[in-house]
Amino acid sequence: MGTLLDFPRFLLTSLVLVFFIFLTTPTIEAKIRRYNWEVKYKYMSPDCYQKLVIAVNGKSPGPTILAQAGDMIIVNLKNGLITENVAVHWHGIRQIGTPWSDGTEGVTQCPILPGDTFQYKFVVDRPGTYLYHAHYGMQREAGLYGSIRVSVRDGENEPFSYDEDRSIILNDWWHNSTLVQATGLSSIPFQWVNEPQSLLIQGRGIFNCSQLSPSSSDTGICNNTKCYPYHLTVVPGRTYRLRIASLTSLSALNFEIEGHNMTIVEADGYYVEPFVVKNLNIYSGETYSVLVKADQDPSRNYWAVTNVVSRPRKPPPGLAIFNYYPNHPRKSPSTPPPTGPQWDDTDYRINQSLKIKAHRDYIHKPPQTSDRTIILLNTQNTINGYTKWSLNNVSHIFPETPYLIAIKENLPHAFDQNPPPETYDYKNYDIYGKPNNTNATFGNGIYRLEFNSTVDIILQNANMMKEHSNDTHPWHLHGHDFWVLGYGKGKFDPANHTKFNLVDPIMKNTVPLHQYSWTAIRFIANNPGTWAFHCHIESHFYMGMSVVFAEGVDRVGKLPDSIMGCGETKGLRRP
């Protein structure tokens, strides 16, 4: 048997050198960040009006997850709701290699039963601003949501600088429960959720309790003397990175800080070619980083304001205080809050969307052509007397067995194996007229995508059931980031797509579909799993406004037993 002495001298020297380098070179190890959360109902007064809120460890918004790119996140989530199931989605996290942790009930997992604890385990693979929220029923609207803030890896720099980093979630808020709302949406006659009572900034708002009838029993649970707006304290001369995120359930919003410019620098985790705005249009599921310098008169405070856009402004503005230190944080500004743009100025919103391009030094160029195009007509329908949202006249319903398990475990009877339509009669369809509901139906079929193929999705907005009515739809794709190729007013013509931006399009995970307009996106189907693509308006999603993509499921590893237990998977779950 040979020994080290038998090696040629240069090989022995090389081995010693490699071993020395291995011992002396510092290694950068990703951290494991563990969280133990319990989800429970709690009486809270986010806008002065007390109601039951779904809180995480007693908080709404829940705890912020702070991590660094490459870190592993482990969340042990206990469902303490007693009478309701739950699931939590990690919005914007692509779940590469862990599709079962996407937290989408009916798509990637069975719901977490009352009293059970479920472990979510995933890697935050890229820096940026992300979110988490409930993905079961309409529980997100009940307060189960929070921020995820992922910083760059050690030794990496961002293309902008700032002194402090803050997260702010914008929301809309109703006083009746989500269970009441869901029942109304599922009833004949249909009962709409109506407009929210309040707009919240970082979980806080001000509802005018005097609006309640003096004879109402609600007057005892509304108290304006024990309720204060959120305040953001700043030091004069410093620059702040504000990570603005929207988790509204209905409203498109415009955000403004009185007297201050904002420079948009990041969107959904990707760097933006910076541009300055007075106010920011933001749609549910979107995240933006803006830079704000505290460069105004420091002797006073200023308003931070959200207003509804795209819908009539029935709820009052959401107000917070941009507090210059050392002024008292509750000192009201001496001027009225700014009103922002007109709520029905669609051109203003489309133009701001078109300005969002990839940073010149961080352009991820899209494939110049696609392998497949799916056109999705967004409409309302009446099906068997029920009011539903539909795509190409199909209103999506989730099967009892989650798609990921059904495909991986070869359970073909769990859902319809016929795919939904890939287009609609765009030559003859009037997007400005009331739909006639021809062939409207329910369905739970899915789109199967060839692995590594390039897919274009064209979202086409059209009139709702009421004449001359149309809404803005924010669309969110799970498991992927996509290129935003373009926006356009009117009807999309597949024969003419010269408006596509193939040079410097921004990548995002959520994108608005503006009124009577179209939006085009492109993505690569390279993440094995099953992934929801849906309108992020809570009631619209609940009413069937979603599709599911499946790609490379045969490449997915062994599924954890913990995601099973419902539908045809009851016998697959082992203790």
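Return the sequence-ordered ³J(HN,Hα) values of region 436-452 in whole Hz as given by the Karplus equation 6.51 cos²θ - 1.76 cosθ + 1.60 applied to θ = phi - 60°, using x for Gly and Pro.
Result, rounded to whole Hz: 9, 6, 4, 6, 5, 7, 8, x, 10, x, 10, 8, 9, 9, 5, 4, 6.
Skipping prolines and chain starts, which residues have an amide H placed within reach, meaning under 5 Å, of the one on L170, given they are 5 or more residues away or on another chain?
It is Q202, A245, S246, L247, by chain and number.
Over 24 Å between C-alpha atoms is what I'm after, so list which of K59/K508; K51/K466; K42/K570; K466/K489 land there. It would help to have the intermediate numbers written out before the result.
Numbers: K59/K508 28 Å; K51/K466 32 Å; K42/K570 32 Å; K466/K489 20 Å.
Pairs exceeding 24 Å: K59/K508; K51/K466; K42/K570.
Show me the three semi-axes of the equivalent ellipsoid for region 367-510, from the C-alpha gyration tensor (sqrt of 5 times each eigenvalue), largest first, rounded to whole Å.
Working: eigenvalues 125, 115, 33 Å².
They are 25, 24, 13 Å, listed from largest to smallest.
So what does the Cα-only Debye profile of region 334-436 read at q = 0.10, 0.14 Å⁻¹, as log10 I(q)/I(0), no solvent term?
Debye intensities relative to I(0), on a log10 scale: -0.61, -1.00.
What size of dipole, in debye to the nearest 20, comes out for region 289-362 about its Cα centre when the only charges are +1 on Lys and Arg C-beta atoms and -1 on Asp and Glu C-beta atoms?
Numbers: 11 positive and 6 negative charges, 39 e Å.
That gives a dipole near 180 debye.
Using only Cα atoms, locate the centre of region 146-168 and the centre of region 273-334, then give the distance between them in Å, rounded to an integer.
Each part's Cα centre sits 20 Å from the other's.
So what is the orientation-averaged projected area of region 125-214, using the convex hull of its C-alpha atoms, in nm²?
9.4 nm²
Shape verdict for region 440-552, please, from the Cα gyration tensor: rounded (a/c under 1.5), prolate (a/b greater than b/c) or oblate. Display every interim value, and only then the final one.
Working: a/c = 1.83, a/b = 1.14, b/c = 1.61.
Oblate, since a/c reaches 1.5 and b/c is not below a/b.
With viscosity set to 0.692 mPa s at 37 °C, what whole-number translational diffusion coefficient in µm²/s follows for the chain from Stokes-Einstein and a Kirkwood radius over Cα pairs?
On the way: Rh = 25.1 Å.
The estimated diffusion coefficient comes to 131 µm²/s.
Quick one: of the DSSP bridges fully inside region 88-147, what percent are antiparallel, nearest 5? Spell out each step's value before the answer.
Details: 7 of 8 bridges.
Just about 90 percent of them are antiparallel.
How would region 181-226 be classified by its alpha-carbon gyration tensor: rounded, prolate or oblate, with rounded meaning a/c under 1.5 and the a/b versus b/c comparison settling the rest?
Note, shape of region 181-226 comes out oblate.
Shape verdict for region 508-574, please, from the Cα gyration tensor: rounded (a/c under 1.5), prolate (a/b greater than b/c) or oblate.
Values: a/c = 3.75, a/b = 1.71, b/c = 2.19.
Oblate is the answer for region 508-574, as a/c is 1.5 or above yet b/c matches or exceeds a/b.
Please list 102-110, 293-301, 361-369 highest first by mean number of surrounding beta-carbon atoms within 10 Å per residue. Display every interim value, and only then the final one.
On the way: 102-110: 27.1, 293-301: 15.9, 361-369: 13.1.
Averaged packing, sorted descending, gives the order 102-110, 293-301, 361-369.
With the cut-off at 24 Å, report for region 46-154 the share of all Cα pairs above it, as a whole percent. All intermediate terms of the calculation are to be shown ahead of the outcome.
Numbers: 1358 of 5886 pairs.
In whole percent, the long-distance tail amounts to 23.
Return the carbon/sulfur percentage of the accessible area of the chain, one whole number, probe 1.4 Å, all protein chains in place. Can you show the working numbers first?
Values: 12840 of 24300 Å².
So the carbon and sulfur contribution to the accessible surface is 53 percent.
Can you give the helix-only mean residue ellipticity at 222 nm for the chain, where every DSSP H stretch with n ≥ 4 adds -39500 (n - 2.57) and the sum goes over all residues, rounded to the nearest 500 deg cm²/dmol? Don't jump to the answer; show the numbers that get you there.
On the way: 5 runs with 45 residues, N = 575.
The per-residue figure over the chain is -2000 deg cm²/dmol.
Sorted by packing (mean other beta-carbon atoms within 10 Å per residue), highest first, where do 129-135, 177-183 land? Don't skip to the end; give the middle numbers.
Working: 129-135: 25.4, 177-183: 16.9.
Sorting 129-135, 177-183 by mean packing, highest first, produces 129-135, 177-183.
Enter the accessible area per residue of the chain (Å², integer; probe 1.4 Å; all protein chains in place). Mind dumping the intermediate values first?
Numbers: 24300 Å² over 575 residues.
With the other protein chains kept in place, the chain gives 42 Å² per residue.
Looking at the chain, what % of its DSSP beta bridges pair antiparallel, to the nearest 5? Each step should come with its number before you reach the end.
Working: 99 of 136 bridges.
Among the beta bridges of the chain, antiparallel pairing accounts for roughly 75 percent.
Which percentage, to the nearest 5, of the DSSP beta bridges contained in region 110-247 is antiparallel?
Working: 11 of 18 bridges.
Among the beta bridges of region 110-247, antiparallel pairing accounts for roughly 60 percent.
If contacts are Cα pairs under 8 angstrom and at least 6 residues apart, what is the relative contact order of the chain in percent? Don't skip to the end; give the middle numbers.
On the way: 1451 pairs, mean separation 78.1, N = 575.
Computed value for the chain: 14 percent relative contact order.
Please compute the contact order of region 217-347 in relative form: average sequence separation of alpha-carbon pairs under 8 Å and at least six residues apart, divided by the residue count, as a percent. Please list the in-between numbers first.
Details: 281 pairs, mean separation 40.6, N = 131.
Answer for region 217-347 is 31 percent.
Could you rank the peptides 446-459, 482-495 by their average count of other C-beta atoms within 10 Å per residue, with the highest value first? Before the final figure, lay out the partial values.
Working: 446-459: 19.2, 482-495: 17.7.
The most tightly packed comes first, giving 446-459, 482-495.
I'd like the distance between the alpha-carbon centres of region 478-505 and region 425-462, rounded to an integer number of Å.
Each part reduced to its Cα centre gives a spacing of 16 Å.
Take the alpha-carbon centre of region 536-556, take the same for region 346-374, and report the distance between them in whole Å.
About 22 Å separates the Cα centre of region 536-556 from the one of region 346-374.
How big is the Cα convex hull of region 125-280 in projection, averaged over all directions, in nm²? Please report the intermediate quantities before stating the final value.
Details: hull surface 51.6 nm².
It is 12.9 nm².
For region 469-514, just the Cα atoms, rotate onto the principal axes and tell me the three extents in Å, largest first.
Computed over the Cα atoms, the extents are 32, 28, 14 Å.
The values are calculated or read from the model by the stated rules, or taken from the named source; none is laboratory data. Not measured: the values here are computed from a predicted model. In this analysis, Cβ positions are derived from the backbone assuming ideal geometry, glycine residues included, and neighbour counts consider all displayed protein chains. SASA here: full protein model, heavy atoms, side chains in, ligands and nucleic acids out. Shrake-Rupley method; radii C 1.70, N 1.55, O 1.52, S 1.80 Å.
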